[in-house]
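Visitor: Let me give you the structure first, and then I'll get to my questions.
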Amino acid sequence: MSEWFVEKLYPSWRQTLAIATPLHQSATAHQRIALFENPQFGRVLTLNDVVQTTERDEFVYHEMMAHVPILAHGGARRVLIIGGGDGGLLEEVLKHRTVAQATMVEIDPGVVEFSRRHLPMICGQAFDDPRTDLVIADGLDFVTRPGETYHVILVDSTDPIGPGVGLYTERFYAGCKQRLEPSGVLVTQNGVPFLQGGELSGTVAALRPLFEDVSCYLAAVPTYVGGFMALGWASDDPALRHIATETLRTRHATARFSTRYYSPEVHRGAFALPPFIADLVA
Ligand code: AG3
């Protein structure tokens, strides 16, 4: 193994991954995009030199971001994804046959084209599904315009650097609120609290005046180093964060697809926050 990819997301902690085979490197109008093969993680997609997703661990993040809110809601027919250009989240959302429409708003058409071609193991046939409504636009512009409302909104963003910055603003969250059905759920990507605590506390502070119930839940994604990743949660229906395991079991069984990280028990447990994380959302 001669070459190593180095992720310098943090000033004093780097992640290095061996590049068994470099597969692609280019720049879209919005960002640098690269793909390589790593023996442990399979295909690794990076944007601006930050790991976005890998073939072997994408299931953790994408399953948890899709199935927790959709199964908690129990009646989501329209789902909005902001970002998520690799299609991995879209694929998980579409596993719910009760979802009639999955609108995905991605700013960078280059990432979608790239993923369709090079990451079929992550996006599957999601972009060809007749329920998929792909919109190439800035998520901030999209949600702040008047338009359709959704039962679940999922923000599958990059870290707040590059094109993702607008997705961490009060204007964006207010836009999400006005695009959400009255008892809908908003889930946001809020980084690894141990290393990026400010991302979580900042989002929560911006969401709190807008929603009755604001918190987060956790998932351990190997290539998002530093411990648990936090997914922000906002809803005007506080009951949605406390759906009984038995109800989740019935809904998961009725949905009839298998999962590798998500389970009704993991769903419940994911809302148990270690005190240092609870402090960030307090
Ligand atoms: N978006 C989240 C990437 C976050 C990585 N950053 C980090 N390690 N804190 C992933 C896009 C997958 N669809």
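Visitor: Looking at (1) within 14 Å of the ligand (Cβ to nearest atom); (2) closer than 19 Å to residue 187 by Cα, which one does residue 11 not meet, given that it meets all the others?
Guide: Unmet for residue 11, out of (1) within 14 Å of the ligand (Cβ to nearest atom); (2) closer than 19 Å to residue 187 by Cα: (2).
Visitor: I've got another one for you. Among (1) within 14 Å of the ligand (Cβ to nearest atom); (2) free of Cβ contacts under 8 Å to residues at least 12 places away in the same chain, which single condition is residue 57 missing?
Guide: (2)
Visitor: Listed residues 51, 44; which is in a strand (DSSP E or B), closer than 24 Å to residue 216 by Cβ and among the aliphatic types (A, V, I, L, M)? Outline the logic, then answer.
Guide: Details: 44 fails: closer than 24 Å to residue 216 by Cβ.
None of the other options fit; the residue is 51.
Visitor: Confirm whether residue 25 is without any contact (Cβ under 8 Å) to a residue 12 or more places away in the chain and closer than 21 Å to residue 162 by Cβ.
Guide: On the way: without any contact (Cβ under 8 Å) to a residue 12 or more places away in the chain: yes; closer than 21 Å to residue 162 by Cβ: yes.
When the stated conditions are applied, residue 25 passes them.
Visitor: With the condition kept exactly as written, say whether any residue in segment 53-60 is within 20 Å of the chain's Cα centre (by Cα) and polar (S, T, N, Q). Reasoning before the result, please.
Guide: Narrowing segment 53-60 to residues within 20 Å of the chain's Cα centre (by Cα): 53-60.
Now narrow it down to the ones that are polar (S, T, N, Q): 53-54.
Within segment 53-60, one or more residues are within 20 Å of the chain's Cα centre (by Cα) and polar (S, T, N, Q).
Visitor: To continue, here is another question. Among the candidates 139, 88, 124, which residue alone is at pLDDT 95 or above, within 14 Å of the ligand (Cβ to nearest atom) and on the phi > 0 side of the Ramachandran plot? Quick ask: steps written out before the conclusion?
Guide: Numbers: 139 fails: on the phi > 0 side of the Ramachandran plot; 88 fails: on the phi > 0 side of the Ramachandran plot.
Exactly one of 139, 88, 124 is at pLDDT 95 or above, within 14 Å of the ligand (Cβ to nearest atom) and on the phi > 0 side of the Ramachandran plot, namely 124.
Visitor: When the residues of segment 1-34 are narrowed to those that are part of a loop (DSSP other than H, G, I, E, B) and of a type in the set (A, V, I, L, M), which ends up farthest from residue 114 (Cα to Cα)? Write out each step before concluding.
Guide: First, the residues of segment 1-34 that are part of a loop (DSSP other than H, G, I, E, B): 1-2, 11-12, 20, 28-31.
With of a type in the set (A, V, I, L, M) added as a condition, the list becomes 1, 20, 29.
Numbers: 1: 25, 20: 20, 29: 13 Å.
Across segment 1-34, the extreme among qualifying residues is 1.
Visitor: Please go through segment 175-197 and pick out each residue that is open to solvent by 40 Å² or more (accessible area, probe 1.4 Å) and either of a type in the set (Asp, Glu) or more than 11 Å from the ligand (Cβ to nearest atom) (or both).
Guide: Going through segment 175-197, the residues open to solvent by 40 Å² or more (accessible area, probe 1.4 Å) turn out to be 177-178, 181-183, 194-195.
Scanning segment 175-197 gives 177, 178, 181, 182, 183.
Visitor: Please find, among 220, 230, 255, the residue that is touching a Pro at 6+ places or on another chain (Cβ under 7 Å), surrounded by 15 or more Cβ atoms within 10 Å (Cβ to Cβ), of a type in the set (Gly, Ala, Ser) and in the same structural domain as residue 186 (by TED's automatic domain parsing).
Guide: On the way: 220 fails: touching a Pro at 6+ places or on another chain (Cβ under 7 Å); 255 fails: touching a Pro at 6+ places or on another chain (Cβ under 7 Å).
The conditions single out 230.
Visitor: Please work out if residue 66 is outside any loop (DSSP other than H, G, I, E, B), away from the ligand (no atom under 16 Å from the Cβ) and small (Gly, Ala, Ser). Can you show your working first?
Guide: Working: outside any loop (DSSP other than H, G, I, E, B): yes; away from the ligand (no atom under 16 Å from the Cβ): no; small (Gly, Ala, Ser): yes.
So residue 66 fails the test.
Visitor: I would also like to ask the following. For residue 165, indicate whether it is under 21 Å from residue 89 (Cα atoms), in contact (Cβ under 8 Å) with a residue 60 or more places away in the chain and within 16 Å of the chain's Cα centre (by Cα). Walk me through it before giving the result.
Guide: Working: under 21 Å from residue 89 (Cα atoms): yes; in contact (Cβ under 8 Å) with a residue 60 or more places away in the chain: no; within 16 Å of the chain's Cα centre (by Cα): yes.
Considered against the rule, which asks whether it is under 21 Å from residue 89 (Cα atoms), in contact (Cβ under 8 Å) with a residue 60 or more places away in the chain and within 16 Å of the chain's Cα centre (by Cα), residue 165 comes out as no.
Visitor: Could you list all residues from segment 145-165 that are over 27 Å from residue 71 (Cβ atoms) and surrounded by fewer than 18 Cβ atoms within 10 Å (Cβ to Cβ)?
Guide: 145, 146, 161, 162, 165 - these are the residues of segment 145-165 that are over 27 Å from residue 71 (Cβ atoms) and surrounded by fewer than 18 Cβ atoms within 10 Å (Cβ to Cβ).
Visitor: Let me ask you something else. In segment 198-210, how many are away from the ligand (no atom under 16 Å from the Cβ) and either within 20 Å of residue 83 (Cα to Cα) or surrounded by 21 or more Cβ atoms within 10 Å (Cβ to Cβ) (or both)? Write out each step before concluding.
Guide: Going residue by residue through segment 198-210, those that are away from the ligand (no atom under 16 Å from the Cβ) are 204-210.
This time we only want the ones that are either within 20 Å of residue 83 (Cα to Cα) or surrounded by 21 or more Cβ atoms within 10 Å (Cβ to Cβ) (or both), so: 204, 206-207.
Total meeting the criteria: 3.
The values are calculated or read from the model by the stated rules, or taken from the named source; none is laboratory data. Since we're looking at a predicted model, the values are computed, not measured. Quick reminder, even Gly has a Cβ in these numbers, built from the backbone with ideal geometry, and neighbours come from all protein chains shown. What goes into the accessible areas is simple: the full protein's heavy atoms, side chains included, and nothing from ligands, DNA or RNA. Shrake-Rupley method; radii C 1.70, N 1.55, O 1.52, S 1.80 Å.
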